[in-house]
Each structure stands twice: as structure tokens, then as C-alpha cells.
Amino acid sequence: MAKRGPKGPLSVEHKAALATGRTEGKIVRDYLEALRTNKPKRGRKRTSDSIRSRLKVIEAELESADALNELRLRQEHRDLTKELGTKSTVVDLSQLENDFVKIAKNYSERQGIAYVTWREMDVDAAVLKAADVSRSG
């Protein structure tokens, strides 16, 4: 049976390539996660005031709700409270986007990621242009 594992120590170049891959992968992951988290939702936007108003209505409705409606109202209250907490958190995409632009072309070429795939992941065309990721890839 053949012995598995590395045949010798990794070269300095190989170690540097692995480190670059880890760094670039983290930049891409962080940027895509931020895009996903901040993706605009369809429909009318809720404001902090409208959420607070709905929470007051829910609290009033809980006093006379039957068991099944109470269950639904308590979950809605929990969801709205969580949403209200995240409304105050503003994510600054600019730094993540700048980091992404610096590495996107190299990452795309190395990983074989096509322009259209980035677009399917909601990366803006202007960002890809700034990163010099071509449509022909």
C-alpha cells in the first residue's frame, strides 16, 4: 500500500500561494455575506417607528388573544424586536467592496469564476468593472 501525505516540506512559494488563497477567500466570503445580509427586500420598507407601532398593537392584542393567536403574535413580536435591533446596525460596504475590487480579477481567474456567476450573486456590474473582471470569462 502506498504511503499518503506530503512527500516533503512545502516550498516557500506554495506556502505563500496557500496564504494568498485563504486571504482572498475570506475577502470574497465577507463581501458576498455582506451583500446577502443587506440585500433590499421586496415591498414597502418598514421604519423603526412603524415597527414600534406594530409592537404596541401586538401587546394590546395579546391581552385578548386565544392560544393559537397568542403563539403567532408572540413570534411576530420576537421577529419585529429582532428586526428593530438590526435597524440600528449600519453596515459599511465600502471597505469590503474596496478589498473585493483589489482581488476579484485574480480570484476569478484562479477559481474559474465567470462574470455572470458574480452577477448572479448580486455583485454590481460597476464593481466588477472596477475590478477588471471581464464579461468574456
Original post:
Quick one: length gained pulling residue 32 to residue 77 fully straight, 0.36 nm per residue minus the C-alpha distance?
Top reply: 13.3 nm
**OP:** Return one number: the angle in degrees, 0 to 90 and rounded to the nearest 10, between the long axis of the Cα atoms of helix 93-111 and the longest principal axis of the Cα atoms of the chain.
**Re:** 40
Original post:
Residues with beta-carbon under 14 Å from that of residue 23, excluding residue 23: net charge, scoring Lys, Arg +1 and Asp, Glu -1?
Top reply: +3
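Using 0.36 nm per residue of separation minus the Cα-Cα distance, give me the extension gain between residue 93 and residue 56 in nm, one decimal.
10.0 nm
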Original post:
Is the shape of segment 48-87 rounded, prolate or oblate, going by the alpha carbon gyration tensor and its root eigenvalues a ≥ b ≥ c, with a/c under 1.5 for rounded and a/b larger than b/c for prolate?
Top reply: oblate
Subject >> Exposed-loop-free span, longest in the chain, where trypsin sites (Lys or Arg not before Pro) count as exposed if DSSP calls them loop and at most 13 other C-beta atoms lie within 10 Å >> reply: 46-134
Subject >> Centre separation in Å (Cα based) which lies between segment 111-137 and segment 3-64 >> reply: 19
**OP:** Please work out the Cα convex hull volume for the chain and give it in Å³ per residue.
**Re:** 225
Original post:
Cα-Cα over 32 Å: which of 26/82; 45/129; 7/102; 39/129; 26/56; 39/105?
Top reply: 7/102; 26/56
Subject >> Table column - 3J(HN,Hα) (Hz), segment 73-79, Karplus curve with 6.51, -1.76, 1.60, x for Gly and Pro >> reply: 5, 5, 5, 4, 4, 4, 4
**OP:** For every other residue with a beta carbon closer than 9 angstrom to the beta carbon of residue 62, add +1 if it is Lys or Arg and -1 if Asp or Glu, then tell me the sum.
**Re:** -3
Subject >> Net charge of neighbours whose Cβ lies under 12 Å from the Cβ of residue 123, counting Lys and Arg as +1 and Asp and Glu as -1 >> reply: 0
**OP:** Rank 69, 38, 98 by mean-square fluctuation in a GNM of the chain with C-alpha springs under 10 angstrom and give only the top-ranked residue.
**Re:** 69
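All of the numbers you see were taken from the coordinates with simple rules; none came from a lab. Since we're looking at a predicted model, the values are computed, not measured. A quick note on method: Cβ atoms are made from the backbone with ideal geometry, for glycine too, and the neighbour counts reach across all protein chains shown.
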